[in-house]
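*Asks:* Take a look at the following structure, please.
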Amino acid sequence: MTYEAWSPLFLGMVVAMLLTNAVQWFMYRERIYGLYTIYTLTWAIYFTINHFDLPRNIANFYKLLLSYASYILYLELAKIFLELRGRPRFLAWVKRVQWVLVFYCVTKTYIYLFTDFWQTPLHDLLLHPVRLALLSVGGYIVFTFYRSNDMVARFFVAGTASLMINHSITILLLIRSSHFSQKMLFWQHPDLFVQLGVVLDLIFFSLGISYRHRREAVRKAVVEKNLEKEREQHHREQLEADLALQQLQHEKTEVQMRALQSQINPHFLFNSLNTLSSLIDESPGQANDFVDELSSVYRYLLRSNENELTTLNHELTFINSYFHLLRTRFGSGVNLEISVEEAYSKAWLPPLTLQLLVENAVKHNMILSDSPLCIRIRTNDQKQLIVENTLQRKQLRVESNGVGLSNIAFKYQLLNQPEPIIEEQEGWFRVTLPLLVPQTVLVRQ
């Protein structure tokens with residue numbers, strides 16, 4: 001079988017690998033695929049040139065340009081395959097070899113196109129040291145990396161070794177004779193071994209690139225999985241921290257609310273006992289009724305310590321009982337008017353809010369039978385509760401113990417709600433409180 005019959009087979013193999021890697025380059029857009037595609041294309045053109053009957057100097061020029069361009073690309077691929085960035089000295093040596101090859105290509109281009117020196121025996125003789133130098137470069141790379149544990153580097157070394165062995169055979173055949181025919185036996189033609197070495201080199205390079213791509217994909221998957229675990233762990237820790245913080249804030253709020261309520265109970269008890277003391281002297285019968293109502297009211301006070309919020313309906317029930325105590329003491333000197341929409345009966349507010357406001361109204365205003373103190377409790381369309389009383393302040397200033405309005409304002413602050421609005425208008429002292437209306441109540445409205 002002649003070399004002419006084998007040559008198209010090698011060309012077809014190189015073209016097949018060229019197309020495969022061109023597709024991979026378009027898919028992944030990685031530099032290594034681009035370099036390898038150009039490297040394969042260069043050898044495909046080199047193999048094609050052999051099928052054209054060109055003048056010898058032109059054919060030699062094309063082969064020179066293509067083959068040495070391939071060697072330069074080969075060294076560029078070596079930087080990636082062998083990860084030479086981690087070996088700066090070796091990388092610098094490879095770059096110097098590339099520049100020497102560029103200079104050699106420029107020199108030989110001038111010789112083939114503008115002189116007749118390429119036809120002299122001396123020129124053929126000088127080619128052999130250059131070829132041996134290229135073999136030495138490949139041998140140095142193989143010797144340096146053949147023990148590498150990196151599988152990608154091993155594929156590169158195997159491809160380089162295949163290229164070296166076949167180029168060595170080619171050099172031996174060229175030394176024996178410089179005249180060859182396309183129809184001579186295939187094993188006698190040096191280009192056969194050049195092409196065989198290139199094909200094996202390309203096969204090993206393809207395997208190395210595929211293995212490298214698979215390894216990078218696995219590495220990225222592992223990194224992504226670890227990052228996902230770290231994100232989940234961080235998210236879990238963040239949730240736990242937020243939950244702990246909310247728990248602490250809730251406990252802090254609860255403690256503060258309990259402290260406020262503990263201030264109210266002694267305060268209310270003190271005022272109630274003062275009232276009871278005066279009733280015992282003035283009206284013992286009313287004192288007995290007062291004690292019964294007081295026990296009912298104080299039962300609510302004790303239960304109010306168990307919750308941070310209560311419904312408006314419960315507060316109004318309590319305030320009716322509380323107002324009964326006031327009427328027992330002051331008679332017709334105090335009046336209570338309640339005008340609350342039924343839709344807001346389930347709205348929430350801090351316990352004992354109404355009791356504090358009514359108590360403040362009684363404490364700071366004159367209560368006279370001919371000029372009764374009027375206290376009104378009503379709601380408006382803005383989900384607000386309004387507690388107001390007529391202004392008829394006592395002439396003597398009443399000393400305050402700080403439990404009243406500041407206590408209510410602080411409760412709403414702990415609940416992250418707007419502070420109550422306190423105002424005097426047209427002879428009325430008015431406190432406007434926000435109601436915490438459940439969503440179900442709003443839907444029914």
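Here's the yes/no breakdown for (1) crowded, with 20+ Cβ neighbours inside 10 Å; (2) without any contact (Cβ under 8 Å) to a residue 40 or more places away in the chain:
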{"position": "336", "(1), (2)": "no, no"}
{"position": "339", "(1), (2)": "no, no"}
{"position": "350", "(1), (2)": "yes, no"}
{"position": "358", "(1), (2)": "yes, yes"}
{"position": "364", "(1), (2)": "no, yes"}
{"position": "369", "(1), (2)": "no, yes"}
{"position": "379", "(1), (2)": "yes, no"}
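*Asks:* In addition: Test residue 73 against the criterion of being out of contact with any Cys (no Cβ under 8 Å at 6 or more places or on another chain) and closer than 16 Å to residue 108 by Cβ, and give yes or no.
*Replies:* Against the criterion (out of contact with any Cys (no Cβ under 8 Å at 6 or more places or on another chain) and closer than 16 Å to residue 108 by Cβ), residue 73 does not qualify.
*Asks:* Please pick out the residue among 423, 388 that is touching a residue at least 40 places away in the same chain (Cβ under 8 Å), assigned to a strand (DSSP E or B), out of contact with any Leu (no Cβ under 6 Å at 6 or more places or on another chain) and not polar (S, T, N, Q).
*Replies:* Exactly one of 423, 388 is touching a residue at least 40 places away in the same chain (Cβ under 8 Å), assigned to a strand (DSSP E or B), out of contact with any Leu (no Cβ under 6 Å at 6 or more places or on another chain) and not polar (S, T, N, Q), namely 388.
*Asks:* Identify the single condition in (1) at pLDDT 80 or above; (2) crowded, with 17+ Cβ neighbours inside 10 Å; (3) of a type outside the set (Asp, Glu) that residue 26 does not satisfy, given that it satisfies every other one.
*Replies:* So the condition that residue 26 fails would be (2).
*Asks:* Does residue 63 count as crowded, with 16+ Cβ neighbours inside 10 Å and among the basic types (Lys, Arg)?
*Replies:* Against the criterion (crowded, with 16+ Cβ neighbours inside 10 Å and among the basic types (Lys, Arg)), residue 63 qualifies.
*Asks:* Residues of the range 80-115 being touching a residue at least 24 places away in the same chain (Cβ under 8 Å) and more than 16 Å from residue 134 (Cβ to Cβ), which ones?
*Replies:* Result: 80, 81, 82, 83, 90, 109, 112, 113.
*Asks:* Can you pull out the residues in the range 397-445 that are modelled with pLDDT under 70, more than 24 Å from residue 344 (Cβ to Cβ) and loosely packed, with under 12 Cβ neighbours inside 10 Å?
*Replies:* Correct list: 397, 398, 399, 401, 402.
*Asks:* Right, something else. Is it the case that residue 180 is in contact with a Phe, Trp or Tyr (Cβ under 9 Å, 6 or more places away or on another chain), modelled with pLDDT under 80 and not in a helix (DSSP H, G or I)?
*Replies:* It is true that residue 180 is in contact with a Phe, Trp or Tyr (Cβ under 9 Å, 6 or more places away or on another chain), modelled with pLDDT under 80 and not in a helix (DSSP H, G or I).
*Asks:* Give the residue that is nearest to residue 309 (Cα to Cα), with candidates limited to residues of the range 372-381 that are at pLDDT 90 or above and outside any strand (DSSP E or B).
*Replies:* 380
*Asks:* Residues of the range 299-329 being out of contact with any Phe, Trp or Tyr (no Cβ under 9 Å at 6 or more places or on another chain), modelled with pLDDT under 75 and part of a helix (DSSP H, G or I), which ones?
*Replies:* Result: 302, 303.
*Asks:* Could you tell me whether any residue of the range 283-298 is assigned by TED's automatic domain parsing to the domain that holds residue 325, under 24 Å from residue 409 (Cα atoms), modelled with pLDDT of 75 or more and touching a helix residue (DSSP H, G or I) at 6+ places or on another chain (Cβ under 9 Å)?
*Replies:* Yes, the range 283-298 contains a residue that is assigned by TED's automatic domain parsing to the domain that holds residue 325, under 24 Å from residue 409 (Cα atoms), modelled with pLDDT of 75 or more and touching a helix residue (DSSP H, G or I) at 6+ places or on another chain (Cβ under 9 Å).
*Asks:* Of the numbered conditions (1) over 47 Å from the mean Cα position of the chain (by Cα); (2) free of Cβ contacts under 8 Å to residues at least 60 places away in the same chain; (3) surrounded by 11 or more Cβ atoms within 10 Å (Cβ to Cβ), residue 134 satisfies every one except a single condition; which is it?
*Replies:* It is condition (2) that residue 134 fails.
*Asks:* Looking at 148, 136, 168 in this structure, which one is in a loop (DSSP other than H, G, I, E, B) and either among the small types (Gly, Ala, Ser) or at pLDDT 85 or above (or both)?
*Replies:* Of 148, 136, 168, the one residue that is in a loop (DSSP other than H, G, I, E, B) and either among the small types (Gly, Ala, Ser) or at pLDDT 85 or above (or both) is 148.
*Asks:* Show the residue pairs meeting these rules: Cβ distance below 6 Å; 6+ apart or different chains; first residue within the range 205-216 and of a type in the set (D, E, K, R); second residue surrounded by fewer than 18 Cβ atoms within 10 Å (Cβ to Cβ).
*Replies:* Close Cβ pairs (under 6 Å, with a partner that is surrounded by fewer than 18 Cβ atoms within 10 Å (Cβ to Cβ)) do not exist here.
*Asks:* A further question follows. Search the range 275-302 for residues that are under 19 Å from residue 363 (Cα atoms) and pair each with any residue that is of a type in the set (Gly, Ala, Ser) and not in a helix (DSSP H, G or I) when their beta-carbon atoms are under 6 Å apart and the residues are at least 6 apart or on different chains.
*Replies:* none
The values are calculated or read from the model by the stated rules, or taken from the named source; none is laboratory data. This one's a predicted model, so the numbers in the text were calculated from it and none came from an experiment. Ideal geometry is used to build each Cβ from the backbone, glycine not excepted, and the neighbour counts take in all protein chains shown.
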